[in-house]
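The values are calculated or read from the model by the stated rules, or taken from the named source; none is laboratory data. The structure displayed is predicted, hence computed values, not measured ones. With ideal geometry, Cβ positions are generated from the backbone for all residues, glycine too; neighbour counts draw on all protein chains shown.
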Amino acid sequence: MKRFPVLLASTLFVTWLLLNNSVSPWHIVLGALLAFWITRASLGMRPLHPQVRRLHVAVALIFVVLLDIVRSNIAVGRVVLGLTGRRPPTPGFMGVPLDMHDPHGLAVLAVILTATPGTIWVDLSADGKKLTLHVLNLQEEPQWVRTIKQRYERRLMEIFE
């Protein structure tokens, strides 16, 4: 039997109370029942469970991603405001070869790349070895590949593989 995900149930319960903006006894009972039922019903939907190996790397990655999001917001703001200098922005698609195979790591990489302004995860090849990415200002493709592999993929592989 699979372990009951208490964190998921707790998150659903708190979300229910926050969405209803009430801690009345009926909302507490209904929220607890819904959280338990939804969590229990979803157990069979996830055949693979993540194996987080190095939590300290995950914490460091969070700070790296937050810093990159701030930097990307500034860079995208410069592009939108036309402050890029003499070179106009050159949007484009690029391919990133992947060494990571863990589906949870790939999902986190997709979230990171999509949450970072100026980049969007477009496609993952059928064999899972190549990621297609759209970049708002694609000036130096090798630099983008190096950044993604060193700043994100390497750390995600330490966490999940």
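For this structure, a couple of remarks:
- Just one of the listed residues (ARG40, ARG86) is farther than 25 Å from TYR152 by Cβ and part of a loop (DSSP other than H, G, I, E, B), and it is ARG86.
- Single residue of the range 100-151 satisfying the filter (among the hydroxyl-bearing types (Ser, Thr, Tyr) and in a loop (DSSP other than H, G, I, E, B)) that is surrounded by the most Cβ atoms within 10 Å (Cβ to Cβ): THR116
- Only one entry of VAL70, VAL59, VAL29, VAL79 meets the criterion of being modelled with pLDDT under 85 and part of a helix (DSSP H, G or I), and that entry is VAL79.
- Only a single item in (1) exposed (fewer than 10 other Cβ atoms within 10 Å of the Cβ); (2) not in a loop (DSSP other than H, G, I, E, B) is not met by ALA35, and it is number (1).
- Selected residue (only one of THR90, THR11, THR84 is closer than 30 Å to ILE120 by Cβ and either touching a Cys at 6+ places or on another chain (Cβ under 8 Å) or modelled with pLDDT of 90 or more (or both)): THR11
For (1) over 15 Å from the mean Cα position of the chain (by Cα); (2) under 18 Å from HIS134 (Cβ atoms); (3) in contact (Cβ under 8 Å) with a residue 60 or more places away in the chain, each residue gets a yes or a no:
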site	(1), (2), (3)
ASP68	no, yes, yes
PRO89	yes, yes, no
PHE93	yes, yes, no
HIS101	yes, no, yes
GLY105	no, no, no
LEU109	no, yes, no
ILE112	no, yes, no
ILE120	no, yes, no
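- Verdict on VAL108 being aliphatic (A, V, I, L, M) and within 29 Å of ARG46 (Cβ to Cβ): yes
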